[in-house]
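Take a look at the structure set out below.
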Amino acid sequence: MDFLGADTAQLLEQARALRTGDERVTAVREALETTVAAAAWTGPDAADFRETWRACSAQLAEVAGKLGSGAEHLAAEAVQQDAASDPAGQVDPAAYDGLLGGESWSDVINFVERVGDPFRDTVDTEHLGGSYSDLHPDWSPEDIGLTEEDIEAAEMQQGTLGDCWYLAAIMAAQQTDPGLLAENITGLGSPPGAEGWDVELYIDGEWRTVPVSPDEITVNGSRRVEGTTWADGEPGFMSIYERAMINAHDGRPSAVSADTPAAGLEMITGGEVETSTLAGQPSFEEYREALDSGRPVTVMTDPIAPIGPASDELVAAHVYQVSGYDAETGEIILTNPHGSNSSSVQEVRVDPEDPMFANDIVMTGIGES
């Protein structure tokens with residue numbers, strides 16, 4: 001049997017050459033931009049020259065963009081082929097450092113997940129342990145608190161679904177803009193919530209209204225923390241948001257389980273998200289500035305196994321909320337969507353300036369304030 005495919009090492013070599021070209025053209029354009037701006041020249045000829053330069057600058061930016069796009073395309077082809085060839089469907093992200101942006105990584109993760117779609121059950125109510133109302137017939141869906149104050153106070157705990165990328169984004173929005181979460185969920189019926197909810201999610205470049213019925217809130221879905229065990233928790237606003245995400249993708253496993261920090265933040269906030277990977281991630285000061293500006297921030301750990309300073313406390317292939325920082329130690333504080341009643345460590349401190357930081361944290365997403 002013949003197998004068709006490219007030499008991924010050659011693809012990556014060519015991708016790096018294109019990325020180098022992108023960086024060089026960009027550096028030349030920026031240097032010339034500074035020189036032209038600093039020129040002490042006035043008058044009609046100067047104005048004409050600057051107008052000509054603006055056109056040239058735009059052309060250089062376009063060339064750099066095409067080189068960068070080519071680099072991402074080749075790297076994405078390589079990583080998808082490597083993932084398909086690996087028995088576990090895993091890749092080493094260090095091999096693609098600086099070649100893939102947030103959207104490309106999201107595509108890669110979804111590609112790996114899609115490979116297994118035909119062999120996995122659709123994520124539906126039965127898949128998540130059945131309807132919560134069947135097990136708890138006295139539960140009243142209208143009792144779920146949906147005010148800004150309720151949402152800000154609720155503590156997340158993840159269920160059995162691998163949607164940390166989405167739940168961590170909800171946690172980040174709880175901290176930075178709980179009002180948005182409250183605005184984007186509407187209780188139906190009388191009293192509100194008795195007949196379900198409408199949830200607004202940003203999907204494929206537009207806001208969509210996604211209905212959720214009370215019987216779709218599940219036993220093994222995400223809950224708010226109560227008591228001392230996971231089972232003590234009850235459905236909260238996050239349970240509704242989680243089911244809305246599932247419904248929006250028709251329960252397709254590859255769409256709901258595993259994705260990037262940027263994918264979750266964009267779906268929840270509707271804003272643009274800055275993504276950085278591996279050694280190109282923010283400094284401590286950049287994390288602090290983002291948090292002080294009220295921007296939602298999440299990070300993803302190494303998909304195979306964290307081997308940096310915080311590896312003993314971190315969960316692999318997991319997305320955390322960046323909930324704060326310690327100015328004295330230079331550490332950022334990560335909060336785990338598993339919740340405080342989980343066996344996982346709830347808060348983990350990591351130092352972005354540590355040379356081994358990228359061996360623990362491979363991707364950061366920073367949303368808009």
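The values are calculated or read from the model by the stated rules, or taken from the named source; none is laboratory data. As the structure is a prediction and not an experimental result, all values here were calculated from the model. FYI the Cβ positions are ideal-geometry reconstructions off the backbone, even for glycines, and counts take in every protein chain you see.
Counting only residues that are in a loop (DSSP other than H, G, I, E, B) and hydroxyl-bearing (S, T, Y), segment 169-200 holds 1 of them. If we scan segment 181-193, do we find a residue that is among the small types (G, A, S), modelled with pLDDT under 95 and over 30 Å from S343 (Cβ atoms)? Looking through segment 181-193, none of the residues is among the small types (G, A, S), modelled with pLDDT under 95 and over 30 Å from S343 (Cβ atoms).
Go through segment 134-153 and give me each residue that's over 21 Å from the mean Cα position of the chain (by Cα) and surrounded by 14 or more Cβ atoms within 10 Å (Cβ to Cβ). Within segment 134-153, W139, P141, E142, I144, G145, L146, E148, D150 meet the criteria. One residue alone among E285, E272 is free of Cβ contacts under 8 Å to residues at least 60 places away in the same chain and assigned by TED's automatic domain parsing to the domain that holds S344, and that residue is E285.
Considering only residues that are assigned to a loop (DSSP other than H, G, I, E, B) and out of contact with any strand residue (DSSP E or B) (no Cβ under 9 Å at 6 or more places or on another chain), look in segment 355-367 and name the one that is nearest to M238 (Cα to Cα).
Applying the filter and picking the extreme gives M356.
Which numbered condition trips up D232, out of (1) in contact with a helix residue (DSSP H, G or I) (Cβ under 9 Å, 6 or more places away or on another chain); (2) within 28 Å of L135 (Cα to Cα); (3) not β-branched (V, I, T)? That leaves (1) as the condition not met.
Being surrounded by 24 or more Cβ atoms within 10 Å (Cβ to Cβ), in contact (Cβ under 8 Å) with a residue 60 or more places away in the chain and in contact with a Leu (Cβ under 9 Å, 6 or more places away or on another chain) holds for only one residue in I240, I217, and it is I240.
Taken as a whole, segment 38-48 holds no residue that is modelled with pLDDT under 80, over 23 Å from the mean Cα position of the chain (by Cα) and in a helix (DSSP H, G or I).
Every residue, every condition in (1) assigned to a strand (DSSP E or B); (2) farther than 28 Å from W139 by Cα; (3) not assigned by TED's automatic domain parsing to the domain that holds Q158, yes or no:
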| residue | (1), (2), (3) |
| --- | --- |
| Y202 | yes, yes, no |
| S239 | no, no, no |
| N247 | no, no, no |
| D250 | no, no, no |
| I268 | no, no, yes |
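Answer yes or no as to whether S293 is surrounded by fewer than 16 Cβ atoms within 10 Å (Cβ to Cβ) and of a type in the set (S, T, N, Q). So S293 fits the description; yes. Restricted to segment 243-261, and to residues there that are modelled with pLDDT under 90 and crowded, with 24+ Cβ neighbours inside 10 Å, the residue that is farthest from G367 (Cα to Cα) is D259. When N336 is tested against (1) surrounded by fewer than 19 Cβ atoms within 10 Å (Cβ to Cβ); (2) within 25 Å of E242 (Cβ to Cβ); (3) out of contact with any helix residue (DSSP H, G or I) (no Cβ under 8 Å at 6 or more places or on another chain), only condition (1) is not met. If the condition is being within 24 Å of the chain's Cα centre (by Cα) and over 21 Å from E200 (Cβ atoms), then segment 219-251 contributes N220, R223, V225. Being small (G, A, S), surrounded by fewer than 20 Cβ atoms within 10 Å (Cβ to Cβ) and more than 30 Å from G236 (Cα to Cα) is a condition met by no residue of segment 313-320. Evaluating V345 against the criteria (1) touching a residue at least 24 places away in the same chain (Cβ under 8 Å); (2) more than 26 Å from V199 (Cβ to Cβ); (3) assigned to a helix (DSSP H, G or I) leaves one unmet condition, (3).
Rundown of residues vs (1) closer than 30 Å to A316 by Cβ; (2) modelled with pLDDT of 85 or more; (3) surrounded by 17 or more Cβ atoms within 10 Å (Cβ to Cβ), yes/no style:
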site: T20; (1), (2), (3): no, no, no
site: V28; (1), (2), (3): no, no, no
site: E51; (1), (2), (3): no, yes, no
site: E62; (1), (2), (3): no, no, no
site: L67; (1), (2), (3): no, no, yes
site: V79; (1), (2), (3): yes, no, yes
site: A88; (1), (2), (3): yes, no, no
site: E103; (1), (2), (3): yes, no, no
